[in-house]
Amino acid sequence: MRLLFFIAVSAMVLTSCKGTSIAVQQTTKAINGQWTLNQLDYDAEGTYNITLFGGIPAKCVEGSQWTFVSNNNRGNYLITDGSCANVAGPNNFIWTVPDEMYGYDYSIMVKPVNAKYKSEINNKAYRMSLTEVKENAMLWTYEVPGDGEKVTIKLHFTRR
């Protein structure tokens, strides 16, 4: 009886401990490096007052310089828009490419953190669809509330 119980528990533990998929590992390696967020597009016409990553105005993020380090899943970005000096940074974050979850085929999660890589906003992270990752280009899409309705933002990156 004990042997049967031990086998059943062992089987449950082994089946629940699956490793990271090869696709996620390859995507994580592809993201590693330095990028520039060149352009933000919206899925609908209009002017929106949208903030990203815990309160940074979307207009400030355009042109920002991003660094992703895949061996420790840390990174930062610097705001290059002179009119946004109050959020210039470096703005640190922890990032990950999780296995498929909640209907997202591929996504990236970015959690803003302080200089010691500790969260200051209750461990809040932002999940964006990882629409495209190529050698020199990357595209994220992100649904955000904008003026009372959901707006999809496309974030276009190029490798530096």
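Just so you know, all these numbers are worked out from the coordinates, no wet-lab data involved. Model, not experiment: these values are computed from the prediction. Note that each Cβ is placed from the backbone with ideal geometry, even for glycine, and that neighbours are counted across all protein chains shown.
Between Asp99 and Thr152, what is the label-to-label distance in nm when each label sits 7 Å out along the Cα-to-Cβ direction?
Roughly 2.7 nm, to one decimal.
Setting aside same-chain residues fewer than 8 positions from Lys154, which lysines have a Cα under 19 Å from its Cα?
Reachable lysines: Lys59, Lys111, Lys134.
Using only alpha carbon pairs under 8 Å that are at least six residues apart, calculate the relative contact order of the stretch 18-145 and give it in whole percent.
Relative contact order, the stretch 18-145: 18 percent.
Once amide H atoms are placed 1.01 Å from N in the peptide plane, what residues at a sequence separation of 5 or more from Arg74, or on another chain, have their amide H within under 5 Å of its amide H?
Answer set, sorted by chain and number: Val69, Trp95.
What is the Cα convex hull volume of the stretch 22-159 when expressed per residue in Å³?
In the stretch 22-159, the Cα convex hull volume per residue is 115 Å³.
Starting with the highest mean, order 82-91, 54-63 by the number of other Cβ atoms within 10 Å, averaged over the residues of each peptide.
Ranking the peptides 82-91, 54-63 by packing returns 54-63, 82-91.
To the nearest 0.05, what FRET efficiency results for Gln39 and Asn72 with a Förster distance of 25 Å applied to their C-beta separation?
Once the sixth-power term is evaluated, E becomes 0.30.
How high is the FRET efficiency between Arg160 and Ala88 when r is their beta carbon distance and R₀ equals 25 Å, given to the nearest 0.05?
The pair Arg160/Ala88 has a calculated efficiency of 0.90.
Ordered by residue, what ³J(HN,Hα) values in Hz, to whole numbers, does the stretch 77-93 give under the Karplus form 6.51 cos²θ - 1.76 cosθ + 1.60, where θ = phi - 60° and Gly and Pro are x?
Once rounded to whole Hz, the list reads 9, 10, 7, 9, 6, x, 7, 10, 4, 5, 10, 4, x, x, 9, 7, 8.
Full-extension gain between Tyr48 and Glu143, please, as 0.36 nm times their residue separation minus the C-alpha to C-alpha distance.
32.9 nm
Net charge near Ile31: determine it from the other residues with C-beta under 12 Å of the C-beta of Ile31, scoring Lys and Arg +1 and Asp and Glu -1.
That sum, taken over residues with Cβ under 12 Å, equals +1.
Quick one: if the Förster radius is 22 Å, what FRET efficiency do Ser119 and Lys29 give, using the C-beta to C-beta distance and rounding to 0.05?
E(calc), rounded to 0.05, equals 0.30.
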